[in-house]
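Worksheet: the structure to be examined is printed underneath.
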Amino acid sequence: ERLWGRVTLAAVLLAINWTTYVVVVNQGKVIEAALGYFIAPLGTMLIGVKVLKEKLRTPQKVSSGLALCAVIVLTFGYGRVPYLALAMAASWAVYGLLKRQVPLPPLESLMSETLVLIVPAIGLIMWFSRHTDSVLRSADATHVVLVLLSGLITAIPLLLFATAALKLPLTVLGPMQYSVPIINFLLGWLAYHEKLSLSRIVGFSLIWLALVVVTVDSIRQQR
């Protein structure tokens, strides 16, 4: 019962994270989605320290401080509290903790979450398919295939994340997640031509500096 409770909670958090991300992107705020995933590793490292009693090395503290400064700069740059970004960050950070506490292999863990979500997902598909602008009623065959493939593209990183969550300390796993928001940032800037303000330049520069610090530290530890 405790295992299925954790699996169910993890599935719910994953659904919240996915849904929030889709909403933000559909609103044309890809760089704000990047902000959410920049905040998430901070939450992951905080959980590692406070809940799992992991210790931060000095470079990790420096990296966390730089990332925190970046989040503050970006938040002020938006001129408002980024609620959706915070929801993405919180749901993903707690999801990472739960994945570490579920004693299942990565594939079985992801399949268990899928079983929890499949019935509500089918219900939602049937509900929204009544509308004329739904995917099933308005999209052509190419777009339907792309939608189906998006599930596969999402599942592969989740399997890799589940494997890493079992083998790596959260204080290491947290900084590695910065690759996701960097990709989102580049997509928002180069592909969707979102405005790149001074605050965004400063904020993301701090993030990249934090990445350099934690990467160099990781290489030294491996040696």
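The values are calculated or read from the model by the stated rules, or taken from the named source; none is laboratory data. Please read all numbers here as calculations on a predicted model, not as lab measurements. Using ideal geometry, Cβ is built from the backbone for each residue, glycine included, and neighbour counts are taken over all protein chains shown. Each accessible area value is taken on the protein alone, full model and side chains, heavy atoms only, with ligands, DNA and RNA left out. Shrake-Rupley method; radii C 1.70, N 1.55, O 1.52, S 1.80 Å.
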Residues that are within 18 Å of Ala210 (Cβ to Cβ) and surrounded by fewer than 18 Cβ atoms within 10 Å (Cβ to Cβ), drawn from the stretch 55-75: Leu56, Arg57, Thr58, Lys61, Val62, Gly65, Leu68, Cys69, Ile72
Hey, Ser138 over 20 Å from the mean Cα position of the chain (by Cα), within 30 Å of Val212 (Cβ to Cβ) and open to solvent by less than 90 Å² (accessible area, probe 1.4 Å) or not: no
The stretch 1-26 residues that are open to solvent by 70 Å² or more (accessible area, probe 1.4 Å), paired with ones that are modelled with pLDDT of 90 or more (beta carbon under 6 Å, 6 or more apart): Ile16/Ser91
Ile182 being out of contact with any His (no Cβ under 8 Å at 6 or more places or on another chain), open to solvent by 50 Å² or more (accessible area, probe 1.4 Å) and not aromatic (Phe, Trp, Tyr): no
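Is it the case that the stretch 113-126 has a residue that's at pLDDT 80 or above, more than 25 Å from Trp92 (Cβ to Cβ) and either open to solvent by 80 Å² or more (accessible area, probe 1.4 Å) or touching a helix residue (DSSP H, G or I) at 6+ places or on another chain (Cβ under 8 Å) (or both)?
So the first thing to find is which residues in the stretch 113-126 are at pLDDT 80 or above, and the list is 113-126.
Filter once more, keeping what is more than 25 Å from Trp92 (Cβ to Cβ): 126.
Still in the running and either open to solvent by 80 Å² or more (accessible area, probe 1.4 Å) or touching a helix residue (DSSP H, G or I) at 6+ places or on another chain (Cβ under 8 Å) (or both): 126.
Checked against the condition, which is being at pLDDT 80 or above, more than 25 Å from Trp92 (Cβ to Cβ) and either open to solvent by 80 Å² or more (accessible area, probe 1.4 Å) or touching a helix residue (DSSP H, G or I) at 6+ places or on another chain (Cβ under 8 Å) (or both), the stretch 113-126 yields at least one hit.
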Among the candidates Leu152, Leu110, residue that is of a type outside the set (S, T, N, Q), within 15 Å of Trp18 (Cα to Cα), open to solvent by 50 Å² or more (accessible area, probe 1.4 Å) and modelled with pLDDT under 85: Leu152
Selection count where residues are under 25 Å from the mean Cα position of the chain (by Cα) and in a loop (DSSP other than H, G, I, E, B), scope the stretch 115-135: 0
